[in-house]
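A short write-up of the structure that comes next.
The values are calculated or read from the model by the stated rules, or taken from the named source; none is laboratory data. All values derive from a computational prediction rather than experimental measurement. Quick reminder, even Gly has a Cβ in these numbers, built from the backbone with ideal geometry, and neighbours come from all protein chains shown.
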Amino acid sequence: MEKTIELQEKRVEYTLRVSKRARGIRLSVASGGVFTVSAPPFIRTSVIEEFIRKKSEWVLDKIKYFSRFPKPRKMMSTSSRGKHFAEHKPKALALTRERLAHFNERYGFKWNSVTIRNQKSRWGSCSRRGNLNFNYKIALLPPDLADYIIVHELCHLGELNHSRAFWSLVARTLPSHRSLRASLRKVGMSLS
């Protein structure tokens, strides 16, 4: 059920999900700043809203942060997904080629091919043959997260694993790679 609440003189929209399985009040904010509150049926709305107000600083901070990322769309049909892929593939290919060339000035690695794919669960991959594959949704990410994926796969050309040596390669260009990786996990694969 869609609701609104005023937090620190700001009107905030949220979705209230009442569930028998919920053990308490849970707040979550997702891509696009979508704010959701889950609660068991026996908790009154006034108690839920008081809980939200107590957490208002956290809520507003998370909404501001996640508003940077595109709002997830409803599940697309197969034909819509194909159209979406075709629409964004050229931009994704141009972006990855340009940023690979930029970052590779530091590394000097060689790759075989760069391919843009319509994958459901991976942002990128690097094969033993030196083929770099990227998800087309990389074109929809904020630039710092797209760069993280590109540098990550580029560094696999030097270390085809996730050893300390690999992360040292990544850190040469992106010393803040841990926080970027955490941000990418929060975004997930829901971009569309």
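Determine which member of the set ARG81, ARG73, ARG68 is part of a helix (DSSP H, G or I), closer than 30 Å to ASP147 by Cβ and modelled with pLDDT under 90.
Result of the check over ARG81, ARG73, ARG68: ARG81.
Looking only at the range 140-149, filter to residues that are over 15 Å from ARG178 (Cα atoms) and assigned to a helix (DSSP H, G or I); which one of those is nearest to the chain's Cα centre (by Cα)?
In this case the residue turns out to be LEU140.
Of the conditions (1) under 27 Å from TYR65 (Cβ atoms); (2) touching a residue at least 24 places away in the same chain (Cβ under 8 Å); (3) in contact with a helix residue (DSSP H, G or I) (Cβ under 6 Å, 6 or more places away or on another chain), VAL170 fails just one. Which one is it?
Of (1) under 27 Å from TYR65 (Cβ atoms); (2) touching a residue at least 24 places away in the same chain (Cβ under 8 Å); (3) in contact with a helix residue (DSSP H, G or I) (Cβ under 6 Å, 6 or more places away or on another chain), only one is false for VAL170: (2).
Only one of GLU6, GLU13, GLU87, GLU57 is farther than 28 Å from ASP144 by Cβ and either among the charged types (D, E, K, R) or surrounded by 14 or more Cβ atoms within 10 Å (Cβ to Cβ) (or both). Can you tell me which?
The unique qualifying residue is GLU6.
Taking the range 1-35 as the search range and keeping residues that are among the polar types (S, T, N, Q) and assigned to a strand (DSSP E or B), which one is farthest from PRO70 (Cα to Cα)?
If we take residues in the range 1-35 being among the polar types (S, T, N, Q) and assigned to a strand (DSSP E or B), then THR4 is farthest from PRO70 (Cα to Cα).
Residue under question is GLY124, and the condition is that it be more than 22 Å from GLY32 (Cα to Cα) and out of contact with any His (no Cβ under 8 Å at 6 or more places or on another chain); does it hold?
no
Just one of (1) under 26 Å from the mean Cα position of the chain (by Cα); (2) at pLDDT 90 or above; (3) not in a strand (DSSP E or B) trips up SER38, so point out which.
Condition not satisfied by SER38: (3).
Check off (1) surrounded by 12 or more Cβ atoms within 10 Å (Cβ to Cβ); (2) over 21 Å from the mean Cα position of the chain (by Cα); (3) assigned by TED's automatic domain parsing to the domain that holds VAL151 for LYS110 and give me the number that stays unchecked.
Looking at each condition in turn, LYS110 falls short on (1).
Quick one: which of ASN161, ASN104 is free of Cβ contacts under 8 Å to residues at least 12 places away in the same chain and over 30 Å from SER28 (Cβ atoms)?
None of the other options fit; the residue is ASN161.
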